[in-house]
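J.: Sharing a structure here in structure tokens format.
Where a number appears in this text, it was derived from the coordinates with a stated rule and is not lab data. In this text, all values refer to a predicted model and were calculated from it rather than measured experimentally. Here the Cβ positions follow ideal geometry from the backbone for every residue, glycine too, while neighbour counts run over all protein chains shown.
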Amino acid sequence: MDALLAFARLEFAVSASLHFLFVATTLGLVLPLALLATMHAVTGREHLARATDHLGRLYLIGYGLGIVSGIAVEVQLGLNWSGGDASAYDAFGVPIAMETAIAFFLESTLLGLWITSAGRAPHWLRACMLWAVAATAVASAGFIIAANGFMHSPVGLGDDGALADLVALWQNPSAVTAFWHVAGAASIVGGFWVAAAGAHLALRRADFEVARALLRMGIWQAALGAPVLVVAGFWQFSVARPGGQTDPDGAIGLLLALMMLIGVCIWLATWIVMLPLLIRTVIVRARPVLWAMVGLVWLPLATTIMGWVYREEARQPWFIVGVVRTEDAASLASPWVTVPIGIGLMAISATAAVVAWTLMHRVMRTDRARELSLMAAPVPA
Amino acid sequence: MIALGTLTALSVLLGLGTLVVEGVVIARCVRAATPTGGVALTRLGAGFLASEVWTIALLGTTHGAFPGAWHAAVPWIAAPLTLAVAGWMLRDVGLWLGPRLGAGRGWRWIVAAGATVQGLGLVAALAALCLAWITGDVPAPGSAMGAASETALAMLALTLPTGVALVVALQLAWWRLLGGVRVPWFTWHASAR
């Protein structure tokens with residue numbers, strides 16, 4: 001294979017994989033965040049405001065640096081992968097446009113409103129804002145996966161190769177199954193983050209109520225996400241790429257096997273070990289288990305990367321299976337331009353991931369801030 | 001034709017939104033390293049979250065509605081747009097991390113440098129795009145040449161304006177009711193966490 005094409009593929013793999021770590025983290029954190037804020041708004045219990053604030057800090061670090069890494073993905077997509085006949089990109093461009101001009105546009109605005117309205121709007125209204133952020137985040141993931149699903153299984157095209165059937169685009173089994181698989185994965189990733197935040201507090205014997213709330217929520221979230229992940233994962237085999245590659249071998253096959261093993265182990269561990277430990281909150285005193293939760297946050301994150309590398313590798317040698325070959329989709333400039341920009345973008349993505357990881361762990365390791373910065377009580381009129 | 005006209009108008013609106021809303025934020029960030037820069041950034045608060053999405057929506061909408069024109073424009077705008085995006089990323093890193101990691105002048109320099117590169121890159125990209133239109137290398141805005149299929153245009157014309165209208169309403173409400181308030185999370189002072 002042409003060395004420059006291989007470099008561009010590596011650049012895509014690195015920037016997209018690192019960005020997906022942020023996607024899974026924020027998608028997995030926004031639902032428990034909205035749920036905690038709602039429980040606080042309904043019950044008025046103070047520890048739920050502290051828990052929301054604590055989780056909100058983790059979420060915002062992931063969101064902010066996730067935007068930085070997302071921009072890196074957009075740039076390399078635009079620069080390196082705009083080749084070939086533009087009409088083939090119709091079905092790809094529609095969901096991407098809807099993601100940017102509806103879902104992400106609304107999501108970012110609503111999140112900014114939530115941050116800005118701290119102490120100025122009633123808790124119930126701010127909880128509604130978080131649910132709207134969660135809904136747009138899920139829609140965003142759906143649009144992106146619809147575009148990705150089309151690349152694996154191009155449905156809805158007319159005889160002239162242009163997009164003709166929109167219903168087929170949204171009901172594409174390759175996208176629907178991938179969506180549920182990603183939803184399960186994000187649920188586990190988020191659950192691990194939430195449980196780790198609770199475990200850090202429990203290990204330091206700081207704020208028992210918040211620690212217990214986060215541990216319960218995180219473990220339930222991972223436990224509920226695990227069967228969705230595994231079932232949707234197996235479901236994908238029959239529909240992901242009709243007529244495409246089905247028998248991975250070598251390193252990619254190993255990656256697939258490892259990913260499946262870890263997915264099943266997480267399901268078993270959460271259901272057989274973690275959920276029973278929630279009875280009478282035994283888990284708060286089970287320090288080895290708490291240490292395991294603190295130390296294993298990376299595991300589901302690493303596994304999601306295995307999944308994406310496998311899925312995208314299995315698409316080769318096609319950009320859009322049966323329609324555009326990868327080599328034809330490439331729109332590479334000279335190596336003197338492509339390589340330095342590529343290295344720069346990969347470095348930015350890696351830096352964003354390392355900084356986010358460090359800051360999120362700093363938030364979890366240090367005692368909560370003395371004042372609530374995201375959940376201040378509304379000032380009376 | 002109605003769908004094409006709607007999406008052309010929407011692209012123009014998003015372009016103007018980028019110029020005005022994001023332009024104001026870039027201008028404020030360019031002055032971040034001045035003695036009053038910290039106060040200005042505190043007043044900006046989370047405002048940059050609302051402004052930068054205009055650019056992202058513009059890129060996504062024009063790519064979806066006019067993929068042919070986009071692909072033709074890539075060689076013209078690749079270099080300045082990459083520059084703009086590099087500056088944008090630097091600015092955002094400063095805006096997110098500055099208030100968390102000290103909020104000193106160093107972080108404000110990063111915001112100012114990033115915003116300057118971003119602004120210059122955007123102006124250069126716009127100039128390159130105008131040049132490409134003049135030379136005829138890229139189909140003119142609104143032309144059916146370089147546009148997506150009729151089905152794709154219809155889908156986008158039916159859905160995107162609703163999303164954009166909702167965002168405009170929310171951002172106007174934000175601006176009117178909460179514009180300039182101090183946000184603890186984005187407060188630029190030495191003891192900020």
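J.: Rounded, prolate or oblate: which fits segment B:16-145, taking a ≥ b ≥ c as square roots of the Cα gyration tensor eigenvalues, rounded meaning a/c under 1.5, else prolate when a/b beats b/c?
T.: In terms of gyration-tensor shape, prolate.
J.: Whole-Hz Karplus ³J(HN,Hα) for segment B:105-115, in order, using 6.51 cos²θ - 1.76 cosθ + 1.60 and θ = phi - 60°, x for Gly and Pro?
T.: 5, x, 5, 5, 5, 4, 4, 5, 5, x, 5
J.: Further question on the same structure: Rounded to the nearest angstrom and ordered from largest down, what semi-axes does the equivalent ellipsoid of segment A:28-122 get from its C-alpha gyration tensor (root of 5λ)?
T.: Working: eigenvalues 267, 38, 24 Å².
Those come to 37, 14, 11 Å.
J.: Arrange the peptides A:100-109, A:255-264 so that the one whose residues have, on average, the most other Cβ atoms within 10 Å appears first.
T.: A:100-109, A:255-264
J.: Rounded if a/c is under 1.5, else prolate if a/b beats b/c, else oblate: with a ≥ b ≥ c from the C-alpha gyration tensor eigenvalues square-rooted, which is segment A:281-381?
T.: Details: a/c = 2.64, a/b = 1.87, b/c = 1.41.
It comes out prolate by the Cα gyration axes.
J.: Checking the a/c ratio against 1.5 first, then a/b against b/c, what shape does the Cα gyration tensor give for the protein assembly as shown?
T.: Oblate is the answer for the protein assembly as shown, as a/c is 1.5 or above yet b/c matches or exceeds a/b.
J.: Rounded to the nearest 20 Debye, what is the dipole magnitude of segment B:1-128 about its Cα centre when Lys and Arg each give +1 and Asp and Glu each give -1 at the C-beta?
T.: Dipole about the Cα centre, nearest 20: 460 debye.
J.: Let me ask something else. Can you give the angle from 0 to 90° between the axis of helix A:46-80 and the longest principal axis of chain A, with both taken from C-alpha atoms, to the nearest 10?
T.: Around 10 degrees separate the two axes.
J.: Got a sec? Charge dipole of the protein assembly as shown, +1 on Cβ for Lys and Arg, -1 for Asp and Glu; which of A:129, B:58, A:151 is way out at the positive end?
T.: Looking along the dipole axis, the top candidate is A:129.
J.: Sum -39500 (n - 2.57) across every DSSP H segment of at least 4 residues in chain A, then divide by the residue count to get the 222 nm mean residue ellipticity, nearest 500.
T.: Only helices count here, giving -25000 deg cm²/dmol.
J.: Sticking with this one: Got a sec? How would A:189, A:309, B:30 order by Cβ neighbour count within 10 Å, fewest to most?
T.: Neighbour counts put them in this order, fewest first: A:309, B:30, A:189.
J.: Here's a follow-up. Hey, got the average number of other protein chain Cβ atoms within 10 angstrom for residues in B:49-58?
T.: 6
J.: A follow-up question, please. Residue by residue through segment B:88-101, which ³J(HN,Hα) values in whole Hz follow from phi under the Karplus form 6.51 cos²θ - 1.76 cosθ + 1.60 (θ = phi - 60°), with glycine and proline marked x?
T.: Karplus-based 3J(HN,Hα) across segment B:88-101 equals 4, 4, 4, 4, 5, 4, x, 5, 7, 8, x, x, 7, 10 Hz.
J.: Describe numerically, in nm with one decimal, the distance between label points set 7 Å from Cα along Cα→Cβ at residue B:123 and at residue A:275.
T.: 6.1
J.: Relative contact order for segment B:1-129 using alpha-carbon pairs under 8 Å, separation at least 6, rounded to a whole percent?
T.: For segment B:1-129, the relative contact order is 32 percent.
J.: I'd like the distance separating the alpha-carbon centroids of segment A:61-120 and segment A:17-37, in whole Å.
T.: Spelled out, the Cα-based centre of one part sits 15 Å from the other.
J.: Ranked highest first by the average count of other Cβ atoms within 10 Å around their residues, in what order do A:25-37, A:351-363 fall?
T.: A:25-37, A:351-363
J.: Moving on. Using +1 at the C-beta of Lys and Arg and -1 at the C-beta of Asp and Glu, which of A:138, A:186, A:219 has the Cα lying farthest in the positive direction of the dipole of segment A:121-219?
T.: Among A:138, A:186, A:219, the one farthest towards the positive end of the dipole of segment A:121-219 is A:219.
J.: Still on this structure, please answer the following. Using a 10 Å cut-off around each Cβ of peptide A:343-350, what is the average number of partner chain Cβ atoms that fall inside?
T.: Per-residue shielding by partner chains comes out at 2.
J.: Write down the Kirkwood hydrodynamic radius of segment B:71-193, to one decimal in angstroms, obtained as one divided by the mean of 1/r over all alpha carbon pairs.
T.: In segment B:71-193 this quantity evaluates to 17.8 Å.
J.: Only four residue types carry charge here, +1 at the Cβ of Lys and Arg and -1 at the Cβ of Asp and Glu. Report the dipole size of the protein assembly as shown about the Cα centre in Debye, rounded to the nearest 20.
T.: That gives the protein assembly as shown a dipole magnitude of about 3020 debye.
J.: Using only alpha carbon pairs under 8 Å that are at least six residues apart, calculate the relative contact order of segment A:173-269 and give it in whole percent.
T.: Reported as a whole number, the value is 36 percent.
J.: At what distance in angstrom do the alpha carbon centres of segment B:134-172 and segment B:1-36 lie from each other?
T.: About 16 Å separates the Cα centre of segment B:134-172 from the one of segment B:1-36.
J.: While we're looking at this one, here's another question. Under 10 Å from the Cβ of residue B:37, count the other residues' Cβ atoms, weight Lys and Arg +1, Asp and Glu -1, and hand me the total.
T.: Charge balance in the 10 Å sphere: +4.
J.: Taking H placed 1.01 Å from N in the peptide plane, check which residues at least 5 places from residue A:324 or on another chain put their amide H under 5 Å from its amide H.
T.: Correct list: A:319.
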